[in-house]
Every structure is written in structure tokens, then in C-alpha cells.
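Every number in this text was worked out from the coordinates using simple rules, so none of it is lab data. All of these numbers come straight from a predicted model, not from anything done at the bench. Counting neighbours? That spans all protein chains shown, and the Cβs are built from the backbone with ideal geometry, glycine included.
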Amino acid sequence: MSALIVVNFKTYESAQGESAVSLAKAMAEVDASTDATLVAVVSAFDLSSVCAAAPKLKVWCQHLDPIGWGSNTGWLHPETAISRGASGTIINHAEHKVEHSHVEKLIDQLPEGFPICACAADVEEAHSLAALSPTFIAVEPPELIGGDISVTTADPEIVSGTAAAVKASNPDVRVLCGAGVKNGEDVAMALELGTEGVLLASGVTKAQNPLAVLRDLVSKI
Ligand code: G3P
């Protein structure tokens with residue numbers, strides 16, 4: 001399986017609307033030039049435009065709700081997201097926590113093979129989410145999110161510990177790590193610590209030259 005570089009656009013102004021489209025195009029360019037797989041995690045508002053502009057790039061949602069058609073004001077309906085081009089989702093991000101029952105119901109509702117990445121704050125939460133069999137678990141210590149030090153440097157034990165705990169409990173689940181990841185060395189270290197890739201945001205969305213950062217992120221894989 002190729003290493004995964006998942007870029008969360010969050011609500012960074014530099015990664016919404018037309019800027020989301022430009023960033024996704026840069027990601028598609030790098031994706032086409034590497035063995036790694038790049039994934040753009042975009043605002044629901046930008047799903048259609050990003051998918052149309054970068055049809056070969058994997059585009060995920062930042063959150064989905066386990067609801068059906070009908071009276072569900074403001075919720076994010078999985079089938080609608082899929083019809084707009086979503087090919088995966090993250091869930092339970094540190095900035096959008098949900099009950100684990102939400103994750104469980106969502107996994108039940110999503111079509112077979114639709115990737116879902118459940119975020120975990122620590123080894124314990126990762127271990128408990130692994131029992132639900134998401135496609136991926138991304139461990140991200142909340143206090144390191146948006147910071148300058150990569151989790152792979154600040155807390156390598158949480159990365160290797162999560163990889164070991166998840167693999168011991170459910171070997172089918174693929175592990176990612178995130179928080180403060182900025183460059184190719186951080187990605188290489190994440191892989192060395194037992195993960196299959198990274199989830200990052202500000203290293204790309206706040207970069208002066210996102211294309212150069214994206215190229216660097218995949219340079220040591
Ligand atoms: O979803 C990715 C994330 O929370 C990490 O953010 O800015 O530390 O790369 P950042």
C-alpha cells in the first residue's frame with residue numbers, strides 16, 4: 001500500500017473556494033509524480049468544485065453524519081457527499097468530536113470500501129476506535145495541532161504506541177499520525193514509527209509555496 005499524505009483544508013481561508021481548487025490542483029500534480037497517495041480533505045461547500053477541477057485526486061469530507069434523507073437540518077448527509085464526489089471522510093477530528101456511537105453508525109451506513117479515517121487523541125482512544133474497524137485511525141495529540149513541532153518529534157511514543165495497539169487489536173486498520181507535520185523528514189519518521197502516512201493541515205495551508213511543501217512531503221518516501 002502506498003503511503004498516504006492527507007491534507008485537511010479545515011476552514012483555512014487559504015484553502016476555501018477558489019483557493020481550495022488551486023491547492024487541490026497542486027496536490028493532483030504532486031500525486032501524479034509520486035508513489036504516495038495524496039488526499040484533500042475539503043469543506044463540504046467545495047466538494048463539487050474541487051472534484052471537478054482535480055478529478056484524479058482523492059477528495060474526502062471533514063465530517064459526515066449518520067443520517068438519511070429528510071428532516072435533518074444542517075447535517076452532512078453521506079449519500080449527498082458521495083454524489084458530489086467525496087471518496088472518503090475523516091470523523092471525530094479533535095476540532096469536531098463525536099460520540100463513538102456516531103462513528104459506529106456512520107461506518108454501518110457508508111458503502112462497503114468507502115474509506116473512513118477516525119481521529120484519536122491518544123493510544124487509548126485509538127485502541128477503542130479500532131474495535132469499530134474504520135479504514136484508518138489517525139492519532140493526533142490535540143495540544144500539538146497547529147504547532148511548529150511535529151508529533152513524530154514531540155511525542156514519538158504516542159505514534160509507535162498507537163501503531164502497535166491498533167495492529168494488535170485489529171490488524172486491518174491502517175494507522176496515520178498528525179499534528180505539526182511539516183516536511184519530508186516528519187513523514188519519513190512517521191513511516192519509521194509504524195504508520196502508513198500522515199494527516200496534516202497548517203504545514204500546507206499556511207505555506208507561502210504549498211507546491212514546494214507538497215513536493216518536500218513526498219521526497220523521502
Ligand atoms: O487534521 C490535521 C490536523 O489536525 C493537524 O493540523 O495544522 O497541526 O498539521 P496541523
**Item:** Amide N of the range 190-204 lying under 14 Å from the label point, which is placed 7 angstrom from the Cα of Met1 along Cα→Cβ
**Value:** 191, 194-199
**Bridge type composition, the chain - antiparallel percent by DSSP, nearest 5** = 0
**Complete:** For the range 4-217, the dipole about the Cα centre with charges only on Cβ (Lys and Arg +1, Asp and Glu -1), to the nearest 20 debye, works out at 580
**Request:** Mind giving me the FRET efficiency for Lys25 and Ser48? R0 is 22 Å, r the Cβ-Cβ distance, nearest 0.05 is fine.
**Result:** 0.90
**Asked** Rounded to the nearest 500 deg cm²/dmol, what is the calculated helix-only ellipticity per residue at 222 nm for the chain, with -39500 (n - 2.57) per DSSP H run of length n ≥ 4?
**Response** -10500 deg cm²/dmol
**Prompt:** Taking the Cα centre of the chain as the origin and placing charges on Cβ (Lys, Arg +1; Asp, Glu -1), which of Val6, Ser83, Gln109 is farthest toward the positive end of the dipole?
**Reply:** Ser83
**Request:** Work out the length of the dipole vector of the range 1-87 about its Cα centre, built from +1 on the beta-carbon of each Lys and Arg and -1 on the beta-carbon of each Asp and Glu, and round it to the nearest 20 debye.
**Result:** 80
**Complete:** Candidates Ser87, Ser160, Ser169; GNM for the chain (alpha-carbon contacts under 10 Å) flags as most fluctuating Ser169
**Complete:** Everything considered on the Cα gyration tensor (a ≥ b ≥ c; rounded for a/c under 1.5, else prolate if a/b is larger than b/c, else oblate), the chain must be described as oblate
**Asked** Working out 0.36 nm times the residue gap between Ala188 and Arg215, then minus their Cα-Cα distance, what length gain in nm do you get to one decimal?
**Response** 8.4 nm
**Prompt:** Of the lysine pairs in the chain, how many meet both conditions: Cα atoms under 22 Å apart, and a spacing of 8 or more in sequence or different chains?
**Reply:** 18
**At most 16 other Cβ within 10 Å, DSSP loop - chymotrypsin sites (Phe, Trp or Tyr not before Pro), the range 1-93** = Trp69, Trp75
**Message:** Can you compute the FRET efficiency between Ser14 and Asn170 using 1/(1 + (r/R0)^6), with r the Cβ-Cβ distance and R0 = 41 Å? Round to the nearest 0.05.
**Reply:** 0.70
**Message:** Only sites in a loop by DSSP and with at most 16 other Cβ atoms within 10 Å count here; which GluC sites (Glu not before Pro) in the range 90-133 make the cut?
**Reply:** Glu95, Glu99, Glu112
**Asked** Once you put a point 7 Å from the Cα of Thr80 and another 7 Å from the Cα of Glu99, both along the Cβ direction, what distance in nm separates them?
**Response** 2.3
**Request:** For the range 21-74 and the range 139-163, write down the distance between their C-alpha centroids in whole Å.
**Result:** 25
**Prompt:** For the chain, with the dipole built from +1 on Lys and Arg beta-carbon atoms and -1 on Asp and Glu ones, taken about the Cα centre, which of Ala120, Val159, Pro66 lies farthest toward the positive end?
**Reply:** Pro66
**Message:** Just to be sure I understand the model, the point goes 7 Å from the Cα along the line to the Cβ. What's the resulting Asp108 to Gln208 distance in nm?
**Reply:** 5.2
